[in-house]
Amino acid sequence: MRVGSDVDKLAVKHKGPLAVLDYLHSQRFDGAFFRLMFDLSPALDSGELKEIKSHANSLGMFLDSGVGWMNPYNTAERPDIRRFGDGDYRLAIEKMLKAARLIDCTELWAVSAHSVHGDPFYVAYDRFRTDVSWEDQLAAMTKFISSLAPMLRDLQLRINLETHGDETSFELLRLIEQVGPECVGVTLDTGNLPLEADLPRDAINRLAPYVHLTHCKDGILYKTSQGIVQQIRTLGEGIIDWDSVIDVLGKHNPVLHLCLEDYRAENLLRFYDSKWRAQFPELSEADIREFERLAAMCEQKIQRGEIMGVDNYRKLPWGEQERELSYKEGAAYLRKIMGAKGNPGK
């Protein structure tokens, strides 16, 4: 296993992929995870792509990338991708797939849904749309990915859907079964699992055989009168049992890239709101009790002074320097665990 960084939240991103690679190399990361092939080359220029790949190789770094949104009900929200296909969204995706094959990016990030800020918070997610059901969105997404399956098989590529806060681990497994694990896998975002009413430990165990990319993220839980809130924290401060996660993921994919994604946010999980709860039919009372136990555990750690309190954490600055430090601390935390297992991460 090697430790890399997602690029999306980095300030250096605007300087271009070569500068990103140099920066991450200077920070001792083993690789970079660019969300879209367009982030590497807006025109998917073969010479430019090969130069970036060659530079990554010269630094001893891996290069991960992706192709974007797979849900036909929200692809209109990315007109830039559609324009690249001269109005044909699937054609643009196919062009990205061919470009990925050119530089041997064979495991590709993809996502099912958007989040658009709303009130209450959960309406931000496509799962809660009222103009189209989530079941219809899943069916359309399955059909769309199936239409790409012949090309994926021919090019020996795989689309890895992120656990993004919409589809649950159960739904993702059903989609993989329908399309085929040779075509569809998982980008495991550990921090997003509670947003889709998935207990991290259980969901990771279910998804582990199909995880080929990662966003490593962490957070604490605490109770309020409205539900349970997740507060994103630096890796290692939250509810994710990284020692166990590395064991479980490594068993199925010992060369998996562990890529950090870090930011600051709070997400309200409305477990006691019947409208919210109805959207997750596989969420059990036992699951909710376990979420409550995890929240109580975090609150006890705060009381013992082991981690900072919620309000004080909110007051911390979060600029470029703080972000850089948090990424470094998260990477060091993962490497410490890996080193104890005889895998220092390089």
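Go through (1) among the charged types (D, E, K, R); (2) within 30 Å of R323 (Cβ to Cβ); (3) out of contact with any Gly (no Cβ under 8 Å at 6 or more places or on another chain); (4) surrounded by 15 or more Cβ atoms within 10 Å (Cβ to Cβ) and name the single condition D287 misses.
Among (1) among the charged types (D, E, K, R); (2) within 30 Å of R323 (Cβ to Cβ); (3) out of contact with any Gly (no Cβ under 8 Å at 6 or more places or on another chain); (4) surrounded by 15 or more Cβ atoms within 10 Å (Cβ to Cβ), the lone unmet condition for D287 is (2).
Of everything in the range 21-31, what is in contact with an Asp or Glu (Cβ under 9 Å, 6 or more places away or on another chain) and free of Cβ contacts under 8 Å to residues at least 60 places away in the same chain? Give them in sequence order.
We begin by selecting, within the range 21-31, every residue in contact with an Asp or Glu (Cβ under 9 Å, 6 or more places away or on another chain); these are 24, 27, 31.
L24, the sole residue that qualifies.
From the list E285, E292, E261, E322, which residue is in contact with an Asp or Glu (Cβ under 9 Å, 6 or more places away or on another chain) and charged (D, E, K, R)?
E261
Does L213 count as modelled with pLDDT of 95 or more and either surrounded by fewer than 21 Cβ atoms within 10 Å (Cβ to Cβ) or farther than 25 Å from V123 by Cβ (or both)?
Taking the combined requirement at face value, the residue satisfies it.
Listed here are the residues, each with its yes/no results for (1) modelled with pLDDT of 95 or more; (2) under 20 Å from L97 (Cα atoms); (3) among the β-branched types (V, I, T); (4) surrounded by 15 or more Cβ atoms within 10 Å (Cβ to Cβ).
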site: P120; (1), (2), (3), (4): no, no, no, no
site: R129; (1), (2), (3), (4): no, no, no, yes
site: E135; (1), (2), (3), (4): yes, no, no, no
site: L138; (1), (2), (3), (4): yes, no, no, yes
site: F144; (1), (2), (3), (4): yes, yes, no, yes
site: S147; (1), (2), (3), (4): yes, yes, no, no
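Do we have A76 as at pLDDT below 95 and more than 21 Å from L213 (Cα to Cα) here?
Against the criterion (at pLDDT below 95 and more than 21 Å from L213 (Cα to Cα)), A76 qualifies.
Rundown of residues vs (1) at pLDDT below 95; (2) under 19 Å from the mean Cα position of the chain (by Cα), yes/no style:
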site: I240; (1), (2): no, yes
site: V248; (1), (2): no, yes
site: K251; (1), (2): no, no
site: L258; (1), (2): no, yes
site: E261; (1), (2): no, yes
site: D273; (1), (2): yes, no
site: Q279; (1), (2): yes, no
site: D287; (1), (2): no, no
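Does any residue of the range 315-335 turn out to be assigned to a loop (DSSP other than H, G, I, E, B), modelled with pLDDT of 95 or more and touching a His at 6+ places or on another chain (Cβ under 8 Å)?
no
Please pick out the residue among E285, E261 that is of a type outside the set (S, T, Y), free of Cβ contacts under 8 Å to residues at least 12 places away in the same chain and under 30 Å from W134 (Cα atoms).
E285 is the lone residue from the list that is of a type outside the set (S, T, Y), free of Cβ contacts under 8 Å to residues at least 12 places away in the same chain and under 30 Å from W134 (Cα atoms).
May I ask you to verify whether D154 is over 24 Å from F280 (Cα atoms), surrounded by fewer than 22 Cβ atoms within 10 Å (Cβ to Cβ) and without any contact (Cβ under 8 Å) to a residue 60 or more places away in the chain?
Spelling it out, D154 is indeed over 24 Å from F280 (Cα atoms), surrounded by fewer than 22 Cβ atoms within 10 Å (Cβ to Cβ) and without any contact (Cβ under 8 Å) to a residue 60 or more places away in the chain.
Determine if the range 283-294 includes at least one residue that is more than 25 Å from D8 (Cα to Cα) and not in a helix (DSSP H, G or I).
We begin by selecting, within the range 283-294, every residue more than 25 Å from D8 (Cα to Cα); these are 283-294.
From the residues that got through so far, the ones that are not in a helix (DSSP H, G or I) too are 283-284.
Within the range 283-294, one or more residues are more than 25 Å from D8 (Cα to Cα) and not in a helix (DSSP H, G or I).
For the range 75-98, what are the residues that are within 22 Å of L157 (Cβ to Cβ) and of a type outside the set (D, E, K, R)?
Taking the range 75-98 first, the residues within 22 Å of L157 (Cβ to Cβ) are 75, 78, 80-82, 84-85, 88-98.
Those that are within 22 Å of L157 (Cβ to Cβ) and of a type outside the set (D, E, K, R): T75, I81, F84, G85, Y89, L91, A92, I93, M96, L97.
Which residues, taken from the range 121-170, are within 16 Å of the chain's Cα centre (by Cα), under 23 Å from Q230 (Cα atoms) and charged (D, E, K, R)? Spell out how you get there, then give the answer.
Going residue by residue through the range 121-170, those that are within 16 Å of the chain's Cα centre (by Cα) are 125, 158-169.
From the residues that got through so far, the ones that are under 23 Å from Q230 (Cα atoms) too are 125, 161-169.
Scanning the range 121-170 gives E162, D166, E167.
Residues of the range 170-186 being surrounded by 24 or more Cβ atoms within 10 Å (Cβ to Cβ) and assigned to a helix (DSSP H, G or I), which ones?
L172
The values are calculated or read from the model by the stated rules, or taken from the named source; none is laboratory data. All values derive from a computational prediction rather than experimental measurement. Virtual Cβ from ideal backbone geometry, glycine too; neighbours counted across all protein chains shown.
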